Amino acid sequence: MSRLGIIDTHAHLDDGRFAADRQEVLERLGRDMEAVITQGTDYESSRFAVALSEQYDFIYAAVGWHPGDLAGIRDESYIGELEQLAREHEKVVAIGEIGLDYYWKENEPREVQLLRLKQQCDLADRLDLPVVIHDREAHGDILDFFRKEAPKNLRAVFHCYSGSLEMAKELWKRGIYLGFGGSSTYKNNKKVREVLAACPAELFLLETDCPYLTPEPYRGRRNDPSMTELIAQNAALVRGTSFAEIAAQSTKNAKVLFNKIK
């Protein structure tokens with residue numbers, strides 16, 4: 001058992017901010033964390049995630065194309081490349097990070113983002129893998145997608161959830177998980193804490209989205225998966241329970257959704 005007994009379900013360990021001390025960080029995390037899922041955002045970062053997962057027992061990989069990186073897709077062969085990664089490497093536990101992002105105007109147009117989302121969700125369905133969903137300024141379209149177009153039995157988590165409580169309730173009806181990270185510790189983020197407090201016990205996950213969204217009281221520093229501890233402590237306060245209960249429940253939930261984690 002790790003020191004914390006916690007799974008960080010969403011990290012970006014390929015990020016350049018880990019370049020100088022990545023091995024040192026990973027050795028420490030191997031003592032602290034039950035598991036970490038590091039996410040792909042394009043083909044190269046997906047390959048990097050797979051390579052890390054094969055080097056470290058506690059690291060698992062998600063492979064996919066982030067909505068902010070879709071301009072890098074050359075042709076439709078990208079789906080075959082992702083499928084090959086997922087089929088050939090046992091520690092690929094999800095297709096992600098995928099979704100919709102309308103915040104950055106330089107991203108691909110709405111119709112392209114929706115097409116790539118559908119293609120990657122169909123791949124996850126074929127492979128019986130969950131998807132890790134990025135939703136930024138696209139709440140209406142992403143909810144409509146899950147209502148009308150997503151494969152019927154698709155398993156999913158909305159990472160770093162930022163929607164309303166009403167939207168969350170619609171997702172919970174479909175058995176969709178919500179990921180809570182550093183933003184749930186920010187004093188001005190009452191909406192996220194409201195959703196965290198109401199989330200069914202079996203549908204919440206913990207994440208860092210590191211190196212981004214460092215939790216309080218360390219905002220401004222580089223985030224890393226060990227800070228899941230602070231997120232769990234905050235979740236215990238918000239939900240009126242203990243750190244031990246949050247750690248145990250979130251780890252159980254992660255192993256149900258990402259069922260290839262040992």
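The values are calculated or read from the model by the stated rules, or taken from the named source; none is laboratory data. The shown structure was predicted, so the numbers you read here are calculated from the model rather than taken from an experiment. Neighbour counts are summed over all protein chains in view; Cβ atoms, including those assigned to glycine, are modelled from backbone coordinates with ideal geometry. The protein model used for the area step is the full one, side chains on, heavy atoms only, and it has no ligands, DNA or RNA in it. Shrake-Rupley method; radii C 1.70, N 1.55, O 1.52, S 1.80 Å.
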How many angstrom lie between the Cα centre of the stretch 223-262 and the Cα centre of the stretch 1-69?
17
Taking the Cα centre of the stretch 1-110 as origin, sum charge times position over the Cβ atoms of Lys and Arg (+1) and Asp and Glu (-1), and report the length of that vector in debye to the nearest 20.
260
For the pair residue 81/residue 188, report the inter-label distance in nm, with labels modelled 7 Å from Cα in the Cβ direction.
3.9
Which sequence of 164, 2 reflects their accessible areas, 1.4 Å probe, from the largest down?
164, 2
Quick shape check on the stretch 67-163: root eigenvalues a ≥ b ≥ c of the Cα gyration tensor, a/c under 1.5 is rounded, otherwise prolate if a/b tops b/c, else oblate, and it reads oblate
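Taking all protein chains together and a probe of 1.4 Å, list 22, 87 from the most accessible to the least accessible.
Working: 22 45, 87 150 Å².
So, going from the largest accessible area down, we get 87, 22.
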Inverse of <1/r> over all distinct C-alpha pairs of the chain, i.e. the Kirkwood Rh in Å, gives 18.1
On the accessible surface of the stretch 24-69, probed at 1.4 Å, how many percent belong to carbon and sulfur atoms?
39
Of 91/173; 173/252; 148/260; 118/191; 105/173, those spanning more than 23 Å from alpha-carbon to alpha-carbon
91/173; 148/260; 118/191; 105/173
If you take the square roots of the eigenvalues of the alpha-carbon gyration tensor of the stretch 1-49 and sort them as a ≥ b ≥ c, do you get rounded (a/c under 1.5), prolate (a/b over b/c) or oblate?
oblate
Return the ratio Rg/(2.2 N^0.38 Å) for the stretch 137-262, where Rg is computed over Cα atoms only.
1.03
Per-residue ³J(HN,Hα) for the stretch 62-68, Karplus 6.51 cos²θ - 1.76 cosθ + 1.60, θ = phi - 60°, Hz, x for Gly and Pro
10, 10, x, 10, 5, x, x
May I ask you to give the solvent-accessible area per residue for the chain, in square angstrom, as obtained with a 1.4 angstrom probe?
44
Not counting ligands, DNA or RNA, and with a 1.4 Å probe, what is residue 6's accessible surface area in Å² rounded to the nearest 10?
0
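Given 37 °C and 0.692 mPa s, compute D for the stretch 193-262 with the Stokes-Einstein relation, Rh being the Kirkwood radius over Cα pairs; round to the nearest whole µm²/s.
On the way: Rh = 12.7 Å.
Answer from the Stokes-Einstein relation: 259 µm²/s.
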Solvent-accessible area of residue 103 with every protein chain in place, 1.4 Å probe, in Å² to the nearest 10
100
Estimate the FRET efficiency between residue 57 and residue 259 by the formula 1/(1 + (r/R0)^6), using the beta-carbon distance for r and 22 Å for R0, to the nearest 0.05.
0.80
What longest region of the chain stays clear of GluC sites (Glu not before Pro) that DSSP places outside H, G, I, E and B and that have at most 10 other Cβ atoms within 10 Å?
107-262
CD proxy at 222 nm, helix term only [per DSSP H run n ≥ 4: -39500 (n - 2.57); per residue of the chain; nearest 500]
-13000 deg cm²/dmol
